[in-house]
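Here is the structure we will look at.
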Amino acid sequence: MTSSHPVLEASGLTRTYGRGDSRFDALKGVSLAVLPGESVAIVGRSGSGKSTLMHLLALLDTPTSGTIRVDGTDSTRMSRAEVNHVRNRTFGFVFQQFFLTPKTTVLDNVVLPLKIAGVRASERRRRGLEALDALGIADKAKNDANSLSGGQKQRVVIARALVNEPAVIFADEPTGNLDTSTGESVEQMLFALQRDRGITLVVVTHDPDLAARCDRGVHVRDGLIVDAGEVAA
Ligand code: ADP
Ligand code: MG
């Protein structure tokens, strides 16, 4: 493929929180295209609008104005069911606030997206174990998710993000709560997925090393993209 069309294309995104005196323009007109198979780091200071942008790109939130196209389809023209379908089938999430369900096995946590998608139990189990195996934690499949260490939990979150074989994985500070060596192994896994399976990675990070490993960095400042980085040839 010499040229490919964007998997994600944001045009003129704004997002205003609150109203009246507490009104705050978190995004002030952002346009960004992400190509299939790219890894993109979204960087910038705390409060600059990184998570807001990622939530919009991932269709977890709707913009105040502007559009997001996923594989060419304008999300504002999708029904709620279509949005849910795209989110569940096309996207995987590695967000700290997407907790694992406690008192539930690791495997059941991992296969949740498949359950939502209506995949039958035996197939869920097969694919869930395969994802856990890819992350090196198949031996924890039957453990309570709560009993794991931070790094193990993060691997389970990644296994859950990839179990659907998504086109795009969104990760918001994926290594933020991890010690250096665990964070390093989580990073390696994310980039291995990008390299080996052609998954597109969109990563919000404070970590300059993680940002440097991505194909490009998109720098957000005060609700605007001030540098969209070099688009990979
Ligand atoms: P970042 O991820 O770069 O730290 P965010 O996108 O989370 O920044 O937030 C951007 C700005 O929007 C911040 O000033 C934050 O306080 C504000 N903000 C984020 N979410 C909300 C919300 N739900 N209500 C009001 N303000 C918000
Ligand atoms: Mg954030």
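The values are calculated or read from the model by the stated rules, or taken from the named source; none is laboratory data. For clarity, every value in this text was computed on a predicted model and none was experimentally measured. Here the Cβ positions follow ideal geometry from the backbone for every residue, glycine too, while neighbour counts run over all protein chains shown. We work out accessible area using only protein heavy atoms, side chains counted, and drop any ligands, DNA or RNA first. Shrake-Rupley method; radii C 1.70, N 1.55, O 1.52, S 1.80 Å.
Looking only at residues in segment 1-29 that are open to solvent by 60 Å² or more (accessible area, probe 1.4 Å) and in a loop (DSSP other than H, G, I, E, B), which one is nearest to Gly198 (Cα to Cα)?
The qualifying residue nearest to Gly198 (Cα to Cα) is Met1.
Answer yes or no as to whether Asn88 is more than 16 Å from ligand 2 (Cβ to nearest atom), touching a residue at least 60 places away in the same chain (Cβ under 8 Å) and assigned to a helix (DSSP H, G or I).
For Asn88, the condition - more than 16 Å from ligand 2 (Cβ to nearest atom), touching a residue at least 60 places away in the same chain (Cβ under 8 Å) and assigned to a helix (DSSP H, G or I) - is met.
Can you name every residue in segment 65-82 that is within 16 Å of Thr200 (Cα to Cα) and either in a loop (DSSP other than H, G, I, E, B) or within 16 Å of ligand 2 (Cβ to nearest atom) (or both)?
Residues satisfying the conditions are Asp71, Gly72.
In segment 176-212, how many are away from ligand 1 (no atom under 16 Å from the Cβ) and either in contact with a strand residue (DSSP E or B) (Cβ under 6 Å, 6 or more places away or on another chain) or of a type outside the set (S, T, N, Q) (or both)?
Total satisfying the criteria: 21.
What pairs can you find where one residue is in segment 162-180 and closer than 22 Å to Arg124 by Cβ, the other is within 16 Å of ligand 1 (Cβ to nearest atom) and open to solvent by less than 10 Å² (accessible area, probe 1.4 Å), and their Cβ atoms are less than 7 Å apart, with a gap of 6+ or different chains?
Val168/Val202; Ile169/Val94
Out of segment 192-207, which residues are surrounded by fewer than 16 Cβ atoms within 10 Å (Cβ to Cβ) and in contact (Cβ under 8 Å) with a residue 60 or more places away in the chain?
Scanning segment 192-207 gives Gly198, His206.
Is it the case that Leu135 is open to solvent by 20 Å² or more (accessible area, probe 1.4 Å) and out of contact with any Gly (no Cβ under 6 Å at 6 or more places or on another chain)?
Here the answer is no, as Leu135 does not meet what is asked.
In segment 30-64, which residue that is more than 16 Å from ligand 2 (Cβ to nearest atom) and outside any loop (DSSP other than H, G, I, E, B) is surrounded by the most Cβ atoms within 10 Å (Cβ to Cβ)?
Ser39
Taking Thr101, is it open to solvent by less than 70 Å² (accessible area, probe 1.4 Å), within 21 Å of Asn84 (Cβ to Cβ) and within 17 Å of the chain's Cα centre (by Cα)?
Criteria not met by Thr101.
If Gly44 passes every condition in (1) under 29 Å from Ala212 (Cβ atoms); (2) out of contact with any helix residue (DSSP H, G or I) (no Cβ under 7 Å at 6 or more places or on another chain) but one, which one does it miss?
(2)
With respect to Glu123, is the statement that it is open to solvent by 60 Å² or more (accessible area, probe 1.4 Å), in a helix (DSSP H, G or I) and acidic (Asp, Glu) true?
Criteria not met by Glu123.
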